[in-house]
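Undergrad: The structure's right below; bear with me while I get my questions together.
The values are calculated or read from the model by the stated rules, or taken from the named source; none is laboratory data. Note that the structure is a prediction, hence the values are computed from the model and not measured. Counting neighbours? That spans all protein chains shown, and the Cβs are built from the backbone with ideal geometry, glycine included.
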Ligand SMILES: NC(=O)c1ccc[n+]([C@@H]2O[C@H](COP(=O)([O-])OP(=O)(O)OC[C@H]3O[C@@H](n4cnc5c(N)ncnc54)[C@H](OP(=O)(O)O)[C@@H]3O)[C@@H](O)[C@H]2O)c1
């Protein structure tokens, strides 16, 4: 009999993931919140800040073997996972030729394989009423030049999550693809590298706490997609009607790129 209700949040050491941890700490139905990322010190700081409910697990999620080991760790924990937030991810805002093959593939490993593998290892510990939130992006709605891999990984996450949501209906587990526009986090310091051509204009920047709040509300309401704000909603709708070539042209114009 499982008796400990838990949340699992990846990429909880900063930004959007940390905001989810802050929100879930107040959820009295949860006994533990497993927070995962590479930086052990930041995870321990989270525990110092929010108390023993926070359970740090330092791990590189771009390596699927580490995720399988996390699955084995869960077997020892007697947990019922009420909520899994697959949030860890990174971007590089530059031309294809400005990042190495290794870094390109690492982005795919973390943003795609990491999301799939974490879901698969956590699902055996989930039951009716549990929720998965997979963090995609507004970039999921269209191909995006000069962040080509990042946007493609997020399209995968969006489509995968919506399809998995249908498959998991019979188990009473929901999957929500969260598609934020720009949010004020560390993503840019890490993603904007010295490049001649890259993303430099970040319009309608939102604070991650309000986006996280809406994402949780949408997940609890069983929505398969969560979109915050008028601008992102408008982009989503337009992406359904406008030809992709035109959308990419508008994007390049907005960024001052050719
Ligand atoms: N900020 C935005 O504008 C925006 C918009 C749309 C979607 N998103 C998505 O939101 C999610 C969170 O990003 P953020 O904006 O909060 O950026 P962030 O502040 O850079 O956070 C990224 C998190 O992922 C973790 N992470 C990175 N590589 C990892 C790895 N190999 N293994 C384990 N954890 C790893 C980082 O922790 P460590 O460094 O400690 O490992 C950090 O906790 C991402 O999926 C991102 O694509 C962000």
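Undergrad: Quick one: in region 93-108, of everything that is more than 27 Å from residue 22 (Cα to Cα) and within 13 Å of the ligand (Cβ to nearest atom), which residue is surrounded by the fewest Cβ atoms within 10 Å (Cβ to Cβ)?
TA: Just the residues of region 93-108 that are more than 27 Å from residue 22 (Cα to Cα), to begin with: 93-106, 108.
Right, trim to within 13 Å of the ligand (Cβ to nearest atom) and you get 93, 102-103, 105-106, 108.
Numbers: 93: 22, 102: 9, 103: 13, 105: 13, 106: 18, 108: 16.
Restricting to residues being more than 27 Å from residue 22 (Cα to Cα) and within 13 Å of the ligand (Cβ to nearest atom), the top hit is 102.
Undergrad: Another question, if that's okay. Only one of 162, 77 is within 16 Å of the chain's Cα centre (by Cα) and more than 16 Å from the ligand (Cβ to nearest atom); which?
TA: Working: 77 fails: within 16 Å of the chain's Cα centre (by Cα).
Unique residue meeting the criteria: 162.
Undergrad: Counting only residues that are part of a helix (DSSP H, G or I) and away from the ligand (no atom under 11 Å from the Cβ), which one in region 191-210 is surrounded by the fewest Cβ atoms within 10 Å (Cβ to Cβ)?
TA: So the residue we want is 210.
Undergrad: Could I ask something else about it? If you take the residues of region 176-190 that are touching a helix residue (DSSP H, G or I) at 6+ places or on another chain (Cβ under 7 Å) and within 6 Å of the ligand (Cβ to nearest atom), which of them is nearest to residue 165 (Cα to Cα)? Explain how you work it out, then say what you get.
TA: Keep residues of region 176-190 that are touching a helix residue (DSSP H, G or I) at 6+ places or on another chain (Cβ under 7 Å), which gives 176-181, 183-187.
Next, from what is left, pick out any that are within 6 Å of the ligand (Cβ to nearest atom): 180, 183, 185-187.
Numbers: 180: 19, 183: 25, 185: 28, 186: 29, 187: 27 Å.
So, considering only residues that are touching a helix residue (DSSP H, G or I) at 6+ places or on another chain (Cβ under 7 Å) and within 6 Å of the ligand (Cβ to nearest atom), the one nearest to residue 165 (Cα to Cα) is 180.
Undergrad: Only one of 213, 169, 158 is within 20 Å of residue 89 (Cα to Cα), out of contact with any strand residue (DSSP E or B) (no Cβ under 9 Å at 6 or more places or on another chain), modelled with pLDDT of 95 or more and in a helix (DSSP H, G or I); which?
TA: Going through 213, 169, 158 in turn, just one is within 20 Å of residue 89 (Cα to Cα), out of contact with any strand residue (DSSP E or B) (no Cβ under 9 Å at 6 or more places or on another chain), modelled with pLDDT of 95 or more and in a helix (DSSP H, G or I): 213.
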